[in-house]
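Participant: Here it is: the structure, laid out below.
No value in this document is a laboratory result; all are computed from the given coordinates. Please read all numbers here as calculations on a predicted model, not as lab measurements. As a convention, Cβ positions derive from the backbone with ideal geometry for all residues, glycine included, and neighbour counts pool all protein chains shown.
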Amino acid sequence: MSQLRPAVFLATTGLLTACPPGGDSGETDTNTGTPGPALVALAAGGNSTCAVLADGTARCWGDNRVGQLGDGTTTSSVTPVAVSGLSDAIAISTGYEFSCAIHSGGSVSCWGAGGNGHLGNGASNDSSVPVDVTGLTGAVEIRVGFTTACALRDDGTVWCWGRGGELGNSTDTNDSNVPVQVPGLTNVEHLAGASHGGTSMSSHTCGVRTDGSAFCWGLNSDGQNGDGTQDSERSPVEVSGIDDATAIAAGMTHACAVRPGGTECWGASQLVGDGTVERRFTPVPIASTVAFVELTAGFEHTCGRTDAGDLWCWGRNGGGQIGDAQELTTSDVRLEPVKAAVSGIQLVAAGMTHTCATDDNDVTWCWGRNEYGEIGSGTPGSSARSSVPAAVVW
């Protein structure tokens, strides 16, 4: 998920909360929280992370086996590398094995895996450097998933490309390597999409209209479309009872929305934050009265940011992606929101099994699984994971 730094949000301190070490990698974190470059957007995906710098350039780190770091190579990197040719980016979104960025003029470029046409450039090939999405203009939000991408245009319409059956265009199951409009969607204000998906309908996409109503489409085995059923949908359906949402986030099998009265979630067992292990086919309040101004969802976890810059997360925690600096267990889950060990947060992005956040001192912290270097520090490995936030080494 791409997150833009909102100019109206204020925060407190940017220091890492002192907590006991967690994780099971056997390493001691030696990062001191040295500030990095100023960021305007942050995105976390499958096993990689990307950021847009204040100068319009972008950098990515982590898995690069299909070129998803965008630097012209297929070499993974634990430290951020420059995305080739990007100089005017304003937003970015990272999915399972590809990323897309919006340029200042409203056009979009994508890079990484493209087998289902999800780079949007009229082809179905991988690319280790950004390629232009064909014919797309006026983009203001971008959401990248498993094998699909969707963009919100400044006219309130939504356009998607990639794997057939997941594009929101009803019964059409053909892949599209160029953007196609989602029929019937107008006055859309925000988009949210899962960064990793399942099998037959891997994409789960949700959004909010200007009137506060919410919609979803895609895989619905756990009720993640929020319409009271388990019927998967190839076109948008209304989320039950949501008519005043101000923010929304979608994981693979769950979704959440911020309302004036609090945050509500729906979908898979253990992920909705209400303190139970029940699946919820319609929205239910989370077990917290903390007010969030922003949400981000990973594969099976969600984080909410407060206006004061605090971060609260809930859901599965097998990689330490909740970030509460507690010792990890075999079946680790947080059934209700817990406070992450960071503060002063301005940007936050949840990936598949890791999370990253940038504070108001321009320190970017990441935590969770680190198989390919996606947290931007430490020693990558198949068992590397930590619940303790560590500073990205720029």
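Participant: Below 8 Å between Cα atoms, with a sequence gap of 6+, how large is the relative contact order for the chain in percent? Show your work: numbers first, answer last.
Facilitator: Values: 1466 pairs, mean separation 68.5, N = 394.
So the answer I get is 17 percent.
Participant: Still on this structure, please answer the following. Using amide H atoms built in the peptide plane, which far-off residues or other-chain residues are under 5 Å from residue 190 H to H?
Facilitator: 208
Participant: Something else now. Volume per residue, Å³, of the convex hull around the alpha-carbon atoms of region 82-198?
Facilitator: Output value, Cα hull per residue: 88 Å³.
Participant: R0 = 56 Å: FRET efficiency of residue 132 with residue 327, Cβ-based, nearest 0.05?
Facilitator: Values: r = 47 Å, r/R0 = 0.84.
The value I calculate is 0.75.
Participant: If you don't mind, another one. What's the exposure ranking of 282, 173, going from fewest to most Cβ atoms within 10 Å? All intermediate terms of the calculation are to be shown ahead of the outcome.
Facilitator: Working: 282 16, 173 13.
In order of increasing Cβ crowding within 10 Å: 173, 282.
Participant: Here's something else I'd like to know. Considering Cα pairs under 8 angstrom that are at least six residues apart, work out the relative contact order of region 327-394 and quote it in whole percent.
Facilitator: Relative CO of region 327-394 lands at 24 percent.
Participant: Follow-up question, since we're still on this one. Once you have all Cα-Cα distances for region 282-360, histogram them in 10 Å bins from zero and send the whole-percent values.
Facilitator: It works out to 20, 56, 23, 1, in whole percents.
Participant: Gain in length, residue 178 to residue 291, computed as 0.36 nm per residue apart minus the alpha-carbon separation, to one decimal in nm?
Facilitator: The residue 178-residue 291 span can extend by a further 36.8 nm.
Participant: Can you sort 90, 345 from fewest to most other Cβ atoms within 10 Å of each residue's own Cβ?
Facilitator: With the fewest neighbours first, 90, 345 line up as 90, 345.
Participant: OK, next. What does the C-alpha gyration tensor say about the overall shape of region 312-394? Classify as rounded when a/c is under 1.5, otherwise prolate if a/b is larger than b/c, or oblate.
Facilitator: Oblate, since a/c reaches 1.5 and b/c is not below a/b.
Participant: Please list, ordered by chain and number, the residues whose modelled amide H lies under 5 Å from the amide H of residue 274; skip anything fewer than 5 residues away on the same chain.
Facilitator: 287
Participant: With a 10 Å Cβ neighbour count serving as the proxy for reagent exposure, in which order, fewest first, do 294, 233 appear?
Facilitator: Least to most surrounded, the residues fall as 233, 294.
Participant: Using the Karplus curve 6.51 cos²θ - 1.76 cosθ + 1.60 with θ = phi - 60°, what ³J(HN,Hα) values do you get for each residue of region 297-309, in whole Hz, with x for Gly and Pro?
Facilitator: So the J values, rounded to whole Hz, are 10, x, 4, 9, 8, 9, 10, x, 9, 8, 4, 7, x.
Participant: Pairs of Cα atoms under 8 Å, at least six residues apart: use those to get the relative contact order of region 285-366, whole percent.
Facilitator: 27
Participant: Applying a 10 Å radius around every beta-carbon, put 283-293, 65-75 in order of their mean neighbour count, most first.
Facilitator: Packing proxy ranking, top to bottom: 65-75, 283-293.
Participant: Shifting gears a bit: Ordered by packing density, taken as the mean number of other Cβ atoms within 10 Å over each peptide's residues, highest first, how do 295-307, 382-394 rank? Mind showing how you got there, number by number?
Facilitator: Details: 295-307: 26.3, 382-394: 21.1.
Descending packing order for the listed peptides: 295-307, 382-394.
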